Every structure is written in structure tokens, then in C-alpha cells.
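Here's the structure, in C-alpha cells; my notes come after.
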Amino acid sequence: MRTEHPPNRLLTATGIAAVGRVCALQSRNPALRADADALLFSAKSFAAAMLACYISLRVGLPRPYWAILTVYIVSQSSAGASLSRGVYRFAGTVVGAVATVAIVPCFVNDPIVCSVVLAGWIGLCLYLSLLDRTARSYAFVLSGYTASLIGFPGVFNPAAIFDTASVRVQEISIGILCAVLVHRFVLPKRMTGQFTAKLSATLRDARRLAGDALRASSGQAIRRDRDRLAGDLLALQGLAAHLPYDPVPVTPSRETLQLIHDRLARLLPLATEVEDRILALRTGSHTPPDDLTALLDGVERWVAAADAAGRDAAAIRLIDHARTLRTRIAADAVTVGDRLAANLAGHLSEMIGLLHECDRLERTIGRTSTAAARSSDAPSHLSSRRATGYVYHRDPWMAARTALGAVAGIVLGCAFWIWSAWPEGGLAVSILGVCCSLFGNVDTPAPNVVKYMIGSVAGVAISLVYSFVILPRVTDFAGLVAVLAPAFLFAGSLQARPPTTYMALGITLTIPILSGLGATYAGDFAGSLNSVIALFAATGFAVVSMSLFQTIPVDAAIGRLLRLNRQDVRRRALGGGPDEAHWTSLMIDRTALLLPRLRLSGKPHPDVLDDTLYHLRVGHAAGRLYQAIRHVDVNDGRIGYDGFELLTAIALRFGPGYRMGPSDAIALHRRIGTLMARVAESSTADRVELLDLLVDLWFALGPCDAVNWENGR
């Protein structure tokens with residue numbers, strides 16, 4: 001007897017299977033997943049915008065379109081990022097509104113002075129945002145362009161500036177609240193999941209880098225691994241900044257995140273140091289001890305092991321083996337080959353410890369305190385110094401240059417407005433101020449403004465159709481939502497994709513303003529035309545102004561970073577500069593800043609990025625040697641004198657305008673060899689440590705075949 005399923009059950013089963021196949025296909029296809037995420041983001045943003053518009057209309061605010069604009073500016077792909085951006089936008093808006101209320105009434109009788117003061121405030125906010133470089137920088141940006149949006153149009157009616165600022169803060173607050181609530185509670189995309197996935201990928205990249213170093217793979221593979229890991233660290237920091245705002249019960253502690261970063265940052269130069277020593281032992285006249293060869297094989301197998309849980313016990317054994325081997329070889333070291341073998345064993349111990357600690361810290365992500373992390377299943381083999389975390393490169397001179405360029409452009413725009421007595425000049429200058437603030441955080445902002453202009457062209461066309469064809473026929477809020485949905489859903493999906501974000505903003509920020517979305521229809525073709533002229537005049541002038549005053553050539557930005565690297569190496573050789581962890585993290589951030597600039601410049605990556613790694617290693621080795629020499633016994637004064645003389649010679653060669661050539665490298669290697677021989681013959685208590693540091697400095701300064709390695713005997 002055959003049993004047949006009812007048709008509705010068959011249909012249900014078929015539908016579930018089809019949905020399952022679609023979901024599986026989407027999970028395997030990044031393009032489909034990106035499309036789905038973009039559509040979800042667009043739908044949620046539109047829902048938040050309409051909610052903000054409805055609330056603004058219900059409470060009687062005069063310009064509800066400001067709430068809509070705020071939603072699209074605040075909305076981010078994840079719930080945590082949306083909340084943090086909303087918090088910083090609210091803070092920036094309040095500060096900018098207060099500044100405007102303080103500035104405009106005091107200087108309104110002198111238009112030039114008022115323009116200069118407002119432009120100066122915008123420039124100051126831009127300067128602070130460029131120095132901060134964290135998620136907090138958005139608050140400074142908002143402080144600047146809020147003053148521009150309220151202040152310049154408010155010059156015509158200074159008596160109402162307080163009311164205008166107050167209403168604007170209310171409208172923006174409603175937009176922030178709606179954006180945060182919708183993105184947080186409607187199908188929230190949590191940042192913690194993105195962070196943990198990125199962290200796992202970063203640790204895989206770290207182990208790949210370590211494996212390539214142990215195999216002494218091709219230089220291209222090592223460079224590729226280093227570049228990838230440097231980019232990973234910057235991406236992790238960007239995600240970690242929003243973790244405290246994520247809607248999850250527990251987020252990783254700040255110190256745990258800092259510890260992970262410190263370990264991975266140190267691994268970048270350490271991998272190259274291990275590779276250099278392995279190559280020197282393989283190609284030199286010194287045969288590595290059998291114990292060291294066995295250790296290298298064991299470490300390589302451990303790095304390649306897939307079982308994370310089984311790696312712990314092996315890591316502890318390998319670290320103990322490496323430390324014991326280093327102590328034994330260093331105690332009996334006679335030749336430079338012995339010192340090199342001892343040095344390599346020490347670096348292997350550190351590398352294993354770094355990777356092992358990262359594995360442990362990854363497992364503790366989600367615990368409530370770093371104390372829990374430190375009390376996990378295995379003891380730490382690394383020093384317990386205070387975590388540093390990600391260190392941002394900050395360049396006050398470049399930030400000031402960009403900020404002054406913005407001030408100059410805005411003042412020129414104000415001068416034309418005052419000279420021409422253009423009625424729409426206040427609106428145009430306010431848009432100019434927004435462009436200078438919002439797009440001024442990159443070296444070449446003009447292309448982004450051009451993308452925004454392209455989107456604005458589409459936005460203007462859509463706005464005119466809405467204003468004079470569609471909106472006059474809308475009679476209720478439901479109809480308004482229905483007619484606005486196609487344009488905003490399309491533009492929102494574009495905004496979720498990085499290549500089209502600025503173009504989408506040109507659409508989503510133009511439609512609400514030019515359409516005059518309010519409680520009643522108020523179509524004014526002449527007014528709309530004047531606003532369109534002001535919009536394109538302002539953005540066009542912004543392109544010219546930012547190209548002249550706020551653009552930093554790519555090659556100049558690269559050269560500036562390299563000069564600062566050399567300057568900091570000189571400072572560390574002379575005993576100044578940041579500590580080791582701070583120095584390493586700072587150089588990692590500069591590497592991450594160089595990567596996109598090198599792609600824009602079209603120059604090959606290896607030269608410049610290898611220079612950065614070179615500066616990092618020399619600065620690290622020189623700084624540590626300086627601290628060690630300071631504690632040399634007074635009875636070994638000659639060693640201290642020669643050591644400081646060596647460091648002074650290094651500092652001179654990294655001074656302004658000095659380019660170290662092959663002869664300089666040879667001279668420095670000879671000094672190191674002489675000092676190594678003197679230290680080896682001495683009875684100082686710090687003999688092993690000093691020899692280890694001198695080997696590090698030898699390798700850091702360049703290829704060891706620059707002189708005969710045996711000179712260090």
C-alpha cells in the first residue's frame with residue numbers, strides 16, 4: 001500500500017528545501033551574501049528614516065527631512081557601529097550647535113570676521129578629527145559641519161540662531177534614535193561575530209607568516225604575508241572600536257584586545273628576524289647544532305598543526321626546549337656561529353610564545369576580564385609588561401596643513417558670497433563647509449566629492465520629479481512612504497557598497513532637502529532651482545578648493561612617512577622615542593597607511609615597505625641596545641663607551657638629508673663586529689644579553705654579507 005503526502009505538505013517540504021538551497025548558495029557565494037546584506041541594510045535604513053520622519057511630523061518639527069538625512073548618515077552595516085556613530089554624531093551636533101550660537105551673534109555685524117571665525121572653527125574640528133583617527137573623530141567632524149549648516153544660513157537672521165540650533169538638534173536626535181533602534185533590534189548584524197571571524201583569519205595569516213619564515217620561503221611570500229598581517233591588524237582595530245556598543249551580553253575586554261595586538265605586531269618583524277638567521281646558518285660556513293635543527297623541525301610541525309587544543313602542551317615543551325638550548329649554546333659559545341645559533345633559539349622561543357599566547361587569548365574572547373584570560377588553562381611564557389594595543393600614527397603638521405586648506409577654501413567662498421551679495425550664498429557656503437569637513441580626511445578628497453556630485457545629479461533629477469509630479473498627488477503618510485520607497489531603497493543598497501557609498505549619499509542627502517519633505521506640500525520651482533544652483537556651485541568650488549588647498553600628493557605623503565620613520569630611528573638610537581611595544585605598533589600603523597598609498601602611486605611595494613620594516617628593526621634593536629648599555633658594569637667602561645659611539649654613528653646616518661650607502665653599512669657592521677669581540681672577551685654579567693642584542697642589530701642593519709661575518713668573532 002502506497003502512502004501519498006498531501007499536496008500542501010509536499011509544497012511546504014519543497015519550499016523549505018528550496019530556501020535551504022538558496023541559503024547554502026548564498027553562504028558559499030560572497031557576491032550573493034554582499035547583495036543580501038546591502039538589501040537588508042537598505043530596508044532597515046528606509047524603515048528608520050520613515051519612522052524618524054513620522055515622529056518629527058507628529059511632534060511638529062518644521063524640517064523633518066533633517067531626521068531622514070541623519071538616519072542615512074548614521075546608519076552602518078552593524079548594530080554596534082550604528083550606535084557608536086550615533087553617539088558621536090549626537091555629541092558633535094550638540095557641540096557644533098553650541099559653538100554656532102556663541103559665534104554668530106557676536107560677529108554678525110562684521111561679515112568677514114564672522115566668516116573667518118566660523119571657518120576657523122570648522123578647520124579646528126577637522127584638525128582634531130585628523131589627529132584622533134579613531135571612531136571618536138566623527139564627533140569632531142560633526143562639530144565642524146554642524147556649525148557650517150546652521151551658522152552660514154543663520155547669518156541672515158541671527159536673532160533666531162538659538163531656536164534654529166535647538167530645532168536642528170531635536171531633528172537630528174530623532175534621526176539618531178530611530179537609526180540606532182532599528183539597526184539594533186531589527187535583524188541586528190553584530191560586530192562581535194565579524195570581529196571573531198576576522199581574528200581567526202588573522203591568526204591563520206600569522207601562522208602562515210611564521211611557517212614561511214621557518215621554511216625561509218621566497219622573499220615575495222614573506223612580503224605578501226607581512227602586508228596581509230599589517231592590513232589585518234588595522235581592520236581588527238577598526239572592528240574592535242565598535243565592540244563596546246555591540247548588543248551582546250559580554251564583549252572582549254580592552255586589555256585582551258591590546259594583548260592580542262601586541263603579540264601579532266611583534267610577530268611581523270620577528271618572522272623576518274627568524275628567516276634571516278635560518279638563511280645565514282644554511283648559507284654560511286657554520287653548521288647548526290643537531291639540537292637546533294631538531295627544534296626547527298618541531299616548531300615547523302607545531303605551526304602547521306591544525307588541532308588548536310593539542311598545540312598547547314606541544315608549545316610549552318618547545319618553549320622550554322628552545323630556552324634550554326639557548327642557555328646551553330650561549331654559555332659555551334666560542335664562534336659567531338654559536339652566538340647566531342643561540343640567538344635563533346631565543347627568537348624561536350619568542351615566536352612560539354607569541355603564537356601560543358594568541359591561541360589562548362582567542363579562546364578567552366567573550367570572558368569578562370583579562371584576569372580570566374591569564375588564569376586560563378596554561379601559564380603565559382611571555383613577559384607581563386603592560387599591554388600597549390594599537391598605536392595610531394598622528395602627524396600634527398599634515399593635519400594642520402589640511403585644516404588650513406579647508407579654512408582658506410571656506411573663507412574664499414565667503415568672500416565671493418559677501419562681494420556678490422548672492423541670496424543663496426549662505427546655503428552654498430554651508431555645503432562647501434560640509435564638503436571640506438566630511439571629505440577632508442583623505443590625501444586626495446576631490447575624487448570623493450566628484451562621486452558625491454554624480455550622485456547629486458541623480459538626486460536632483462529624482463527630487464524634481466518627486467516635487468512637481470508625484471508629491472502633489474500624495475495625501476497621507478502611507479502614500480508618502482510608498483512613493484519614496486523605490487528611490488531610497490535603491491540608493492540605500494548602493495550606500496552599503498563601499499565603491500558607491502559617496503554617490504549614494506549624493507542621492508539620499510539631496511532628495512529630502514530639494515523635495516522639501518514636510519507637513520504640507522510647498523512646491524516652489526524657483527526656490528528649488530536656486531537650491532540646485534547653490535548645491536552644484538558649492539560642490540564644484542569644493543572640488544577646486546580641495547584640489548588646491550587640501551590635496552597631498554601621494555608621493556609626498558609616502559616620503560613624509562619614511563622621513564618620520566628615519567627621524568624616530570635616530571631618536572631611539574639616542575635613547576629617546578617610544579618604548580618597544582609602542583614603537584612596533586606605531587610602525588605597523590604606518591605600514592598600514594603606506595599600503596593604499598602605494599597602490600595609488602603605482603610604485604612597486606617591496607622597496608618602500610621593506611624600508612619601513614628596515615626602520616622598525618633598526619629602531620627596535622638600537623633602542624634595546626641603548627637600554628642595555630646603560631646598565632653595563634662601571635668596570636666595563638670601554639664597552640659602554642664603544643656602545644654609545646656605535647649608537648651615535650647610527651643616529652648620524654639616520655639624520656635629516658643623510659642617505660646611508662653600502663660603505664656606511666660596512667662601517668657600522670665593522671663597529672658591531674669589534675664591539676662583539678670586546679664583549680665576548682669581557683667578564684661582564686650582561687655579556688650574553690649584549691651579544692644577543694648586537695647580533696640583532698647586525699642583522700637589522702642589512703645583509704650580513706656586506707662584510708665578513710667572521711669579523712664578529
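Please treat every number below as a calculation from the coordinates, not as lab data. In this text the structure is predicted, and so the values were computed from the model without any measurement. Quick reminder, even Gly has a Cβ in these numbers, built from the backbone with ideal geometry, and neighbours come from all protein chains shown.
Before moving on, here are some points about what is shown:
- For region 70-116, the C-alpha radius of gyration sits at 1.64 times the compact-globule guess of 2.2 N^0.38 Å, with N the residue count.
- Under 15 Å from Lys44, Cα to Cα: aspartates and glutamates that are on another chain or at least 8 residues apart: Asp35
- A simple rule links phi to the HN-Hα coupling: the Karplus curve 6.51 cos²θ - 1.76 cosθ + 1.60 with θ = phi - 60°, which for region 296-302 gives 4, 4, x, 5, 5, 5, 5 Hz, with x for Gly and Pro.
- Region 278-344 shape via C-alpha gyration tensor axes, a/c threshold 1.5: oblate
- When you count the other C-beta atoms within 10 angstrom of each residue and take the mean per peptide, 175-188, 104-117 line up highest first as 175-188, 104-117.
- Pairwise centroid distance, computed over Cα atoms, of region 59-86 with region 490-534, Å: 15 Å
- Once the Cα-Cα distance is subtracted from the 0.36 nm per residue extended length, the Phe162 to Ala519 segment shows a gain of 126.3 nm.
- All Cα-Cα distances of the chain, cut into 10 Å bins from zero to the largest, leave 3, 13, 20, 20, 16, 13, 9, 5, 1, 0, 0 percent in each bin in turn.
- Packing, taken as the mean count of other beta carbons within 10 Å per residue, orders the peptides 223-236, 410-423 from highest to lowest as 223-236, 410-423.
- Debye-sum result for region 193-262 in log10 I(q)/I(0), which assumes one identical scatterer on each alpha carbon, at q = 0.13, 0.16, 0.17 Å⁻¹: -0.43, -0.60, -0.65
- Taking a straight line from the alpha carbon of Lys198, these aspartates and glutamates sit under 15 Å away, with near neighbours fewer than eight places off in the same chain left out: Asp232, Asp359, Glu362.
- Computed from phi, the 3J(HN,Hα) profile of region 65-70 under the Karplus parametrisation 6.51, -1.76, 1.60 (θ = phi - 60°) reads 5, 5, 5, 5, 4, 4 Hz, with x in place of Gly and Pro.
- Summed residue charge, Cβ within 13 Å of Met503's Cβ, Lys/Arg positive, Asp/Glu negative: +2
- Cα-based shape type of region 92-172, given that a ≥ b ≥ c are square roots of the gyration tensor eigenvalues and the cut on a/c is 1.5: oblate
- When Rg and the Kirkwood radius Rh are both evaluated on Cα atoms of region 499-558, their ratio Rg/Rh stands at 1.16.
- Highest average first, the peptides 197-210, 118-131 ordered by how many other beta carbon atoms sit within 10 Å of their residues are 118-131, 197-210.
- Calculated diffusion of region 448-533, Stokes-Einstein form, Kirkwood radius summed over Cα pairs, 37 °C and 0.692 mPa s, µm²/s: 250 µm²/s
- Crossing angle, helix 477-495 versus the chain [Cα axis fit, 0-90 degrees, rounded to tens]: 30 degrees
- Along region 179-191 the Karplus relation, 6.51 cos²θ - 1.76 cosθ + 1.60 evaluated at θ = phi - 60°, assigns HN-Hα couplings of 4, 5, 5, 5, 6, 8, 10, 9, 6, x, 9, 7, 6 Hz to successive residues, with x for each Gly and Pro.
- Taken over the alpha carbons of region 35-92 as equal point scatterers, the Debye sum produces base-10 log I(q)/I(0) values at 0.24 Å⁻¹ of -0.98.
- Taking a ≥ b ≥ c as the square roots of the eigenvalues of the Cα gyration tensor, region 481-634 is classed as prolate, since a/c reaches at least 1.5 and a/b is larger than b/c.
- Considering only alpha-carbon pairs that sit under 8 angstrom and 6 or more positions apart, the relative contact order computed for the chain is 16 percent.
- Loop-resident chymotrypsin sites (Phe, Trp or Tyr not before Pro) (DSSP state other than H, G, I, E or B) in region 444-532 with no more than 16 further Cβ atoms inside 10 Å of their Cβ: Tyr521.
- Per-residue [θ]222 nm for the chain (sum of -39500 (n - 2.57) over DSSP H runs n ≥ 4, rounded to 500): -26000 deg cm²/dmol
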